[in-house]
Structure formats: C-alpha cells, structure tokens
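Q: What follows is a structure written as structure tokens; I'll ask about it next.
The values are calculated or read from the model by the stated rules, or taken from the named source; none is laboratory data. Please read these numbers as outputs of a predicted model, since none were measured by experiment. Neighbour counts run over all protein chains shown; Cβ positions are idealised from the backbone, glycine included. Accessible surface is based on the protein model in full, side chains and every heavy atom, while ligands, DNA and RNA are left aside. Shrake-Rupley method; radii C 1.70, N 1.55, O 1.52, S 1.80 Å.
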Amino acid sequence: MSSIDGLPPLREVISTHDLRAKKQLGQNFLLDLNLTAKIARQAGDLTGSDILEIGPGPGGLTRGLLAEGARHVLAIEKDARALPALEQIVHAYPGRLQVIHGDALEIDPLSHLTPPIRVAANLPYNIGTELLIRWLTPPDWPPFWQSLTLMFQREVAERIVAQPGQKAYGRLSILAQWRSEARIVMSIPPEAFVPAPKIHSSVVQITALPKPRFPADPAILSRIVATAFNQRRKMLRSSLRGLHPEMEAILTEAGIKPTARAEEIGIEGFCTLARIFEARSG
Ligand code: SAM
C-alpha cells in the first residue's frame with residue numbers, strides 16, 4: 001500500500017495500538033489511504049475550509065483529508081484507544097489537526113471551528129442517522145456547514161437521495177433534499193473495511209442550498225411529513241386526519257388528491273400542504 005504522508009500504514013497503526021474493532025462503537029476501519037484520499041476529494045474545496053470529522057478511529061479518513069490539503073480538521077473520537085494513533089497525525093501535520101476525546105452526540109464543535117465548515121465522516125452506524133437529522137434540522141438556515149460528505153450503509157444512502165414513487169422515498173429524502181442537494185458519489189464494497197461488514201456502503205455528498213427550494217415552516221413541514229410517512233401505505237386523508245379537522249379540504253386546496261399516498265407526493269407538494277395547513281391553523 002502506498003503511503004500518502006510518510007506515516008505508518010494503517011494496518012501497522014491498528015496492530016501497534018491494538019485497535020481491535022469494537023462492534024458497540026460501530027468500528028469498521030478503512031485501511032486504504034488512496035481510498036480515503038478519494039473520499040476526501042469528494043468534499044470539495046478543503047484548502048479553504050475547516051473540516052469536522054466524527055469518529056476518526058485510527059485516522060484513515062483524517063489522513064486523507066489532511067493530505068488533500070484541509071485547512072484544519074477537528075476530529076471527535078469516543079474511543080480512548082485511538083488517541084495515541086491520532087496524536088502521531090497531529091505531529092505530522094502541525095497546527096492542522098485537533099482531536100477531541102468524547103461523544104459526538106454530546107459535544108458542540110462550533111467553538112473550535114472557523115467557517116467555511118464542511119463535515120466529512122465514515123459515521124458509526126449506531127449514531128449516523130441521528131447526527132444527519134441534527135445537521136439537516138438546525139435552528140437557522142443556511143446551517144453551520146457548507147457540505148456533508150458521509151459514508152452510510154447503502155440502504156440509508158438510498159433513502160437520502162430517493163425520489164417520489166421509489167420504495168426508499170420518505171422522511172429522510174425530504175429532510176435532505178428540501179434545503180440541500182444530495183447525491184451518492186461513491187460505492188464502497190465490504191472488503192474495503194476491517195472487519196468487513198455484511199453490508200455495502202455508499203458515500204453521500206450533501207451540499208447546503210442558500211435557501212429552501214420551496215417556502216415552508218420547518219416544524220410544520222417536519223410534523224406533516226413524519227405523520228404522512230408513519231403510515232405510508234395509507235391514503236393521506238386518513239394518515240393525516242388527526243392533524244386538522246379540515247384535512248381533506250387542505251389537501252384539495254394544496255392540489256393533492258386526498259386519496260394519494262405519501263410516497264407519491266414530491267417536496268413541493270408537501271411544502272404547499274405545510275403552508276396551507278399553517279394558514280388554516282390560524
Ligand atoms: N474514520 C475511521 C475510518 O474510516 O476507518 C473509523 C470509522 S468507524 C465506522 C466509526 C468511528 O466512530 C470509530 O472510530 C468509533 O470509535 C467512533 N465512534 C463511535 N461512536 C462515537 C461517538 N458517539 N462519538 C464519536 N465517535 C464515535
């Protein structure tokens with residue numbers, strides 16, 4: 001394996017620091033630095049950006065991001081065993097890598113980052129969707145990040161980019177695409193990881209739009225979408241009935257057939273519905 005930075009190969013790092021993968025931490029490590037550099041390149045202009053990385057582990061993606069010129073990387077890692085390995089990278093790239101030991105769900109990284117900020121991560125599967133939903137639903141838009149370059153299991157990636165009428169289309173597709181551009185940019189087979197998971201993975205590139213594609217109140221839109229997809233096989237007049245006594249009339253005014261199902265309605269339709277719902281709710 002060719003080295004991109006003069007540091008030891010990742011296989012050696014893992015054995016030196018005895019980083020045996022722990023399932024409960026969602027640990028599947030990428031060992032090929034050419035692959036991690038390729039993932040890093042998907043994130044866009046790194047030289048002018050601070051990067052937030054969640055779960056650097058032995059540092060494969062971290063090294064890719066730094067070798068590709070990231071201005072500054074803030075890496076949050078829960079597993080203390082990985083810290084000595086990450087310290088070596090800190091020394092190899094003076095002043096460009098900061099490592100915080102802790103739980104990414106508990107730490108507010110913003111005081112350590114200077115905009116523009118991009119997020120890049122091979123996320124632990126157990127907190128990946130929760131982090132994504134937090135990043136997609138900030139208090140203000142545009143969010144703190146310009147782009148998210150994230151590895152997910154393929155099925156989750158397909159839900160993020162799905163279009164109306166597709167089986168994977170749902171709440172996550174609408175959250176991701178209402179105010180962002182979302183694309184699958186790489187597919188990664190199980191053999192690329194140690195240990196090899198049973199599933200295929202995909203890298204998703206999500207770029208924040210300056211403003212939403214269609215106006216709507218975020219909380220109302222989110223409530224309607226969650227309720228509609230909670231019973232996705234039901235007609236909307238029935239799945240949304242509990243939200244408003246005049247739901248059928250609201251649907252008709254929004255140009256949506258009350259007999260339609262959630263999976264048939266695009267983002268524009270849900271936004272129109274949210275606006276009319278808001279107006280009729282007084
Ligand atoms: N980035 C490395 C790579 O690509 O090889 C490791 C990715 S591995 C899928 C997920 C990493 O997230 C592990 O290093 C794990 O210890 C870390 N992790 C798990 N839960 C975490 C949490 N709540 N906060 C921060 N890191 C976490």
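Q: May I ask you to list pairs of residues, at least six apart or on different chains, whose Cβ atoms are under 7 Å apart, with the first in segment 124-141 being in the same structural domain as ILE174 (by TED's automatic domain parsing) and touching a residue at least 12 places away in the same chain (Cβ under 8 Å) and the second being within 14 Å of the ligand (Cβ to nearest atom) and open to solvent by 50 Å² or more (accessible area, probe 1.4 Å)?
A: From residues that are in the same structural domain as ILE174 (by TED's automatic domain parsing) and touching a residue at least 12 places away in the same chain (Cβ under 8 Å), the pairs are TYR125/GLN153.
Q: Would you tally the residues in segment 22-39 being within 8 Å of the ligand (Cβ to nearest atom) and either among the polar types (S, T, N, Q) or surrounded by 16 or more Cβ atoms within 10 Å (Cβ to Cβ) (or both)?
A: 8
Q: For the structure I just gave you, tell me whether LEU61 is near the ligand (Cβ under 10 Å from one of its atoms), farther than 18 Å from ILE117 by Cβ and at pLDDT 95 or above. Break it down stepwise before answering.
A: Working: near the ligand (Cβ under 10 Å from one of its atoms): yes; farther than 18 Å from ILE117 by Cβ: no; at pLDDT 95 or above: yes.
Spelling it out, it is not the case that LEU61 is near the ligand (Cβ under 10 Å from one of its atoms), farther than 18 Å from ILE117 by Cβ and at pLDDT 95 or above.
Q: Also: For segment 255-272, how many residues meet the condition of being open to solvent by less than 30 Å² (accessible area, probe 1.4 Å) and over 18 Å from LEU243 (Cα atoms)?
A: Residues in segment 255-272 being open to solvent by less than 30 Å² (accessible area, probe 1.4 Å) and over 18 Å from LEU243 (Cα atoms): 2 in total.
Conditions tested, residue by residue: (1) assigned to a helix (DSSP H, G or I); (2) among the polar types (S, T, N, Q); (3) in contact (Cβ under 8 Å) with a residue 40 or more places away in the chain.
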residue: ILE184; (1), (2), (3): no, no, no
residue: VAL203; (1), (2), (3): no, no, yes
residue: LYS211; (1), (2), (3): no, no, yes
residue: PHE214; (1), (2), (3): no, no, yes
residue: ARG237; (1), (2), (3): yes, no, no
residue: LYS257; (1), (2), (3): no, no, no
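Q: Looking at segment 108-134, which of its residues are away from the ligand (no atom under 14 Å from the Cβ) and not in a loop (DSSP other than H, G, I, E, B)?
A: If the condition is that a residue be away from the ligand (no atom under 14 Å from the Cβ) and not in a loop (DSSP other than H, G, I, E, B), then LEU110, SER111, HIS112, ILE117, ARG118, ILE133 are the ones that fit.
Q: How do the pairs read when you match residues in segment 47-67 that are more than 18 Å from LEU110 (Cβ to Cβ) with residues anywhere that are of a type in the set (Phe, Trp, Tyr) and within 9 Å of the ligand (Cβ to nearest atom), using Cβ under 7 Å and keeping only pairs 6 or more apart or on different chains?
A: Matching pairs, first to second residue: GLY57/PHE29; PRO58/PHE29; GLY60/PHE29.
Q: When segment 245-254 is examined, which residues are found to be among the small types (Gly, Ala, Ser) and open to solvent by 30 Å² or more (accessible area, probe 1.4 Å)?
A: ALA249
Q: Which of the residues that make up segment 91-116 are more than 18 Å from ARG63 (Cα to Cα) and touching a residue at least 24 places away in the same chain (Cβ under 8 Å)?
A: GLY102, ASP103, ALA104, LEU105, ILE107, PRO109, LEU110, HIS112, LEU113, THR114, PRO115, PRO116
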